[in-house]
Structure formats: C-alpha cells, structure tokens
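Data block below; observations after.
The values are calculated or read from the model by the stated rules, or taken from the named source; none is laboratory data. Note that the structure is predicted; figures quoted are calculated from it, not measured. Glycine also receives a Cβ, built like all others from the backbone with ideal geometry; neighbour counts cover every protein chain displayed. For accessibility, only protein heavy atoms count, side chains too; no ligands or nucleic acids. Shrake-Rupley method; radii C 1.70, N 1.55, O 1.52, S 1.80 Å.
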Amino acid sequence: MNRSEITCIGCGVTIQTDDPKQIGYAPPSSLGKESVICQRCFRLKHYNEVQDVSLTDDDFLKILNGLSEVDGLIVKIVDIFDFNGSWLPGLHRFVGKNPILLIGNKEDLLPKSVKRSKLIQWMKHEAKQLGLQPIDVLLVSATKGSSIDEAIDAIDHYRNGKDVYVVGCTNVGKSTFINRIIKNVAGEDDVITTSHFPGTTLDMIEIPLDDGSALVDTPGIINHHQMAHFVDKKDLKLITPKKEIKPMVFQLNEGQTLFFGGLARLDYMSGGRRSLICHVSNELKIHRTKMENAESLYKKHVGELLQPPRKNDLEEFPPLVRHEFSLKQGKTDIVFSGLGWVTINDPGAVVAAYVPKGVSVLTRPSLI
C-alpha cells in the first residue's frame, strides 16, 4: 500500500512518520497494522487527552471560514496573562450569527489583588473594542481546574442543544481546558472516539455530547505577534508563568532603564523619582541600568546576562523596536504582549518601551 494513501481512522488526516510534532504523525511500526491511527487520536482515545497541533495561516483561514457555515456555539479561549497576544483577530467576521462565549484562562497566574469582577468588565470592554460582542465572559484556570464546572454549565446553557466549537491560539491552554471538560463530564471510563469533521481536510476533533451533538476541538492557531514565537522552547517555560506572579517594585530615577531578560526594555525618561511595579513571570530576570549605558550593555550582554534569548538564538532574534508613551493618566499599565506589564500609578511619566519587531506593546488603565 502506498504510504501517501494511509489515513488515520480517527480523524481522516493523512498519516506521516517523519515529524512527531506535526499533524498526522504515527510511529513507523504502526504502518503494518490493518487500521492506522495517528498519535493525537491515539492519545485522545486511550488517555482522554487532546494534543495541540500547529497550522499554517491558510489552514487557519479555512477553519475560520468553516465556522461561518456551522450552527452552534463558539467558545473562544484567551490567555488572561497575554490577552492581546492571544486574541484571534477577525474572528467576529467569520462566525456568522453564531454566539460567542469568551473564556479567559490562567486566572491562577494573576496576583490575588486583581478583582475578578473588574477583570471581567475589562475583558468585555476590550472585546468590544476589538469588534466582538460575546454573550458572556468567564474566567477559569484549566491547569488548576477552578471554575471549570461553571464553564460547563454556561456552555450547556448557551449552546441550546447545538454543537460547540472551541477556538484559540497556541499556548492559551485550549487543550488543557477541553481535557478538563472531558474529565469532568465523562469521568474516566468513557472512551472518547474521534470522528472526522466533514468538509475540512484538517483534523478537528469531535467529542460526542450526551444529546447527539458534539464538542469540536479546532487546532491551535498561531498568532505571529506572540512573544512565544521569538524564544526557544526551553525559554518559553521562563517567560510563561506557572504560578501566581509576584509583583516586583523598582524605585526609579529619571534616565534609568529596566531590561526584561533580553526580550524587552523600558526606559523611564521623565516624571521625577517614582516606583514602577513589574508583573512578569517570577523566573524572568529584570536588570536595572542607566539609560545612557543601556544600548552598549544590550549589545555586549544579550544572550548571556540578558537572556532569553540565548546566544545561539541571536541570529534569528528580531531587533527591538522603540515605542514612546507619555502617560497623562495615573494608574496605567504598559503591556508587553506575552511577557506581562509594568504599572505606573501617578500621571505625568514619559517612558519608552522596546519589544521585538512584530510584538505589540500598549497601554491600558491599570488592572490592579
């Protein structure tokens, strides 16, 4: 049998044996079997685990276009810690009349001082600014399992017996979220079989619900402006918080600079002596220096003292681009997409933020 003709009995994707990270991987030893199943479906079937796969931009557009033709509830997962970086731009144009339930994941990472009600209000406001009017906004922690039952109830309430489509970027915890739901709803004994999602060549995974409808997992979509794409897998662990972030306070004079590893830089230009409160992963090292030395320090030490990125990633690492902000309002966050944010409480500061070319940096009213 020609290898190119072998398809997975679980999801219908073409089997390949070269790259375990790509869609359709199966170990070469399995090709002799009568029915071949890809690793992703194997894990789903035997361990009730959904694995993320990555797609090209064209694949992404095909998925989004497909959503306009379905009749169901769209559940959009975003990472609260990287709200803008994990936002799927243009989703509202693709979903037709389908309602969207917006779920913010990783609430366990935010400092306890962030009030849930305020965060939900903020998410509603941001979604509206970005062109989306969700029917509801929820917060969960997929890894800790908190508020998952509340999310299940909301999904059940809003779907009105229809299919549910879960969408999100890579790294937002979409698979963990779905795995939590499977665990909570199905318990351990129900083996979930996967069936091919008709009309697409991608492996969307259908998880049957009690009433004959399905929960459909769409593959994780790559957002090219996410900071995650500029760091090595090892360093992703450094910049992605695993537990509640501990804010760090720096008293800065005018003309001082903070480096966040070698990934970002903040110049405090004017506004008198004041404190800047940094909310980033506890693992990421922050380095303070004088603004006049910052340029030479970066050239000399990026990849070593200032890391990530690491020395051997520097060739592919984009240059840092400068963005200047004059903060008229007090209580403002300067948000480094994918890294965290710095809060400045009093008005009147002038700062310059530097991030890799393609990554966004923006200001917002303080969350805390």
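Is it the case, given these coordinates, that residue 366 is more than 11 Å from residue 264 (Cα to Cα), modelled with pLDDT under 95 and surrounded by 13 or more Cβ atoms within 10 Å (Cβ to Cβ)? Answer is yes for this residue.
Could you tell me whether any residue of the range 224-238 is in a strand (DSSP E or B) and either open to solvent by 20 Å² or more (accessible area, probe 1.4 Å) or touching a Ser or Thr at 6+ places or on another chain (Cβ under 8 Å) (or both)? No, the range 224-238 contains no residue that is in a strand (DSSP E or B) and either open to solvent by 20 Å² or more (accessible area, probe 1.4 Å) or touching a Ser or Thr at 6+ places or on another chain (Cβ under 8 Å) (or both). For the range 246-290, a residue qualifies if it is within 16 Å of residue 344 (Cβ to Cβ), open to solvent by 40 Å² or more (accessible area, probe 1.4 Å) and assigned to a loop (DSSP other than H, G, I, E, B), and the qualifying residues are 247, 253, 254, 273.
On the stretch given as the range 134-152, residues that are out of contact with any strand residue (DSSP E or B) (no Cβ under 8 Å at 6 or more places or on another chain) and either closer than 25 Å to residue 69 by Cα or polar (S, T, N, Q) (or both) total 3.
What number of residues in the range 330-368 are among the β-branched types (Val, Ile, Thr) and either more than 20 Å from residue 240 (Cα to Cα) or in a loop (DSSP other than H, G, I, E, B) (or both)?
Summing the residues that are among the β-branched types (Val, Ile, Thr) and either more than 20 Å from residue 240 (Cα to Cα) or in a loop (DSSP other than H, G, I, E, B) (or both) in the range 330-368 gives 7.
Within the range 58-81, not a single residue is at pLDDT 85 or above, of a type in the set (Phe, Trp, Tyr), touching a Lys or Arg at 6+ places or on another chain (Cβ under 9 Å) and farther than 30 Å from residue 243 by Cβ.
Among the residues of the range 120-145, those identified as part of a helix (DSSP H, G or I) and either of a type in the set (Val, Ile, Thr) or open to solvent by less than 90 Å² (accessible area, probe 1.4 Å) (or both) are 120, 122, 123, 124, 126, 127. Selection of the range 291-329 for residues being open to solvent by less than 40 Å² (accessible area, probe 1.4 Å), more than 15 Å from residue 259 (Cα to Cα) and assigned to a loop (DSSP other than H, G, I, E, B) yields 317, 318. What about residue 255, is it within 20 Å of the chain's Cα centre (by Cα) and not charged (D, E, K, R)? No, not satisfied.
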